[in-house]
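K.L.:
The structure follows.
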Amino acid sequence: MVEDLLVRTERAVEDIVGLSADTSITFKLKDLVDAVERGLPAGYPAVWMEGLNRRDVVGSMATEILASGKYA
């Protein structure tokens, strides 16, 4: 499930970074997390890892993806 969230998060980052580049609109981390959450199917299991909920996990993944320099 974590791998699935990572793929979904990478896709959301790519989409939003592209949208930001095309429109010059600045998005926040919350926007990325919201995009992933909206794309989850109904009944998608909650994730709890080391006291973090699913939104926290997705936010952490998005932060790492953005910090990687791939979208600089």
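K.L.:
What number of residues within segment 1-18 satisfy the criterion of being open to solvent by 50 Å² or more (accessible area, probe 1.4 Å) and closer than 14 Å to residue 70 by Cα?
P.N.:
The qualifying residues number 4.
K.L.:
How many residues are within 14 Å of the chain's Cα centre (by Cα) and surrounded by 11 or more Cβ atoms within 10 Å (Cβ to Cβ) if we restrict to segment 19-36?
P.N.:
Within segment 19-36, residues that are within 14 Å of the chain's Cα centre (by Cα) and surrounded by 11 or more Cβ atoms within 10 Å (Cβ to Cβ) number 9.
K.L.:
Let me ask something else about it. Kindly provide the set of residues from segment 27-36 that are part of a loop (DSSP other than H, G, I, E, B) and either charged (D, E, K, R) or under 14 Å from residue 10 (Cα atoms) (or both), ordered by number.
P.N.:
28
K.L.:
Please specify each residue of segment 17-26 satisfying the condition of being β-branched (Val, Ile, Thr) and in a loop (DSSP other than H, G, I, E, B).
P.N.:
25, 26
K.L.:
Among the residues of segment 37-48, is any modelled with pLDDT of 90 or more, assigned to a helix (DSSP H, G or I), of a type outside the set (Gly, Ala, Ser) and buried (at least 16 other Cβ atoms within 10 Å of the Cβ)?
P.N.:
Looking through segment 37-48, none of the residues is modelled with pLDDT of 90 or more, assigned to a helix (DSSP H, G or I), of a type outside the set (Gly, Ala, Ser) and buried (at least 16 other Cβ atoms within 10 Å of the Cβ).
K.L.:
Now for a separate question. Answer yes or no: is there a residue in segment 54-72 that is open to solvent by less than 40 Å² (accessible area, probe 1.4 Å), of a type outside the set (A, V, I, L, M), part of a helix (DSSP H, G or I) and out of contact with any Cys (no Cβ under 7 Å at 6 or more places or on another chain).
P.N.:
yes
The values are calculated or read from the model by the stated rules, or taken from the named source; none is laboratory data. This is a predicted model, so every value here is computed, not measured. A quick note on method: Cβ atoms are made from the backbone with ideal geometry, for glycine too, and the neighbour counts reach across all protein chains shown. Only protein heavy atoms, including side chains, enter the accessible area calculation; ligands, DNA and RNA are left aside. Shrake-Rupley method; radii C 1.70, N 1.55, O 1.52, S 1.80 Å.
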